[in-house]
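Just so it is clear, none of the values below were taken in a lab; they were calculated from the coordinates. Treat the numbers as computed from the prediction; the structure is a model and nothing was measured. All Cβ positions, even for glycine, are placed from backbone atoms using ideal geometry, and neighbour counts span all protein chains on display.
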Amino acid sequence: MNQVFSVRFLAETQEILKELDWQSIEAVAHGLAGIRSGGGRLFILGVGGSAGHASHAVNDFRKICDLESYAPTDNVSELTARVNDEGWETSFSNWLKASRLAAKDGLLIFSVGGGDREKNLSMNLVRAIDLAKDVGAKVYGIVGKQGGHTGKMADACVIVPPIFPDHVTPHTEGICAVVWHLLVTHPALKVQQTTWELRGQ
């Protein structure tokens, strides 16, 4: 049974990858390159497993792309203080205010649902996106389902097609990692060679 499930899950992954909109990936890549060339910073936001992705992606964008990047979830002391004292909804937006988010900067959202004001889901992402729009910063996303608030508001957004309803979350989060690794390898962004490629095996 496990082998059958493994084959099915991998086949689902292949089908979703074939359905990804490569043009939206290109738009995100060139948008992020524009932030770098304009002297801006990239703030990568995610909740739950996507927070772990955000931390990993910060490393990649900084080290491989020379793109100054940060994630609010990397400082657990500040994050939990803000949640405790100010509330979950503003935990990201107030962090961004303290970071002096400006028009030359950008957000990159990792999320399964993308945030939803009407359903009161991932409201810290919603508030962060609204702040970015207020100050004129760019918003990009890699999200699932129909994109939620991220999909509606982003300058460019990669939506992982939810064609397998029983596995929306694992596929979205797994393919998010594929897409951001594509981005940091993209010729528009990559400036530093990765270690094993330099060593040639």
> Which FRET efficiency value, to the nearest 0.05, is calculated for D85 and H181 with the Förster distance at 25 angstrom and r the Cβ-Cβ distance?
Replying inline: 0.10
> With helices defined as uninterrupted DSSP H runs, which ones in the chain have an alpha carbon span along their own long axis of at least 20 Å and mean Kyte-Doolittle hydropathy of at least 0.0?
Replying inline: 22-37, 168-185
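Roughly speaking, what is the stretch gain from R62 to I163, that is 0.36 nm per residue apart minus the C-alpha to C-alpha distance, in nm to one decimal?
33.1 nm
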> Which of E118, E12, E89 moves most in a GNM of the chain, Cα contacts under 10 Å?
Replying inline: E118
> What percent does the relative contact order of the chain come to when contacts are Cα pairs within less than 8 Å and at least six residues apart?
Replying inline: 24
> Using the 10 angstrom Cβ neighbour count as an exposure proxy, how do V135, V4, V112, V168 rank, fewest first?
Replying inline: V4, V135, V168, V112
> Past the 21 Å Cα-Cα mark, which pairs from K18/K190; K18/K145; K104/K133; K18/K133; K97/K138; K63/K97?
Replying inline: K18/K190; K18/K133; K63/K97
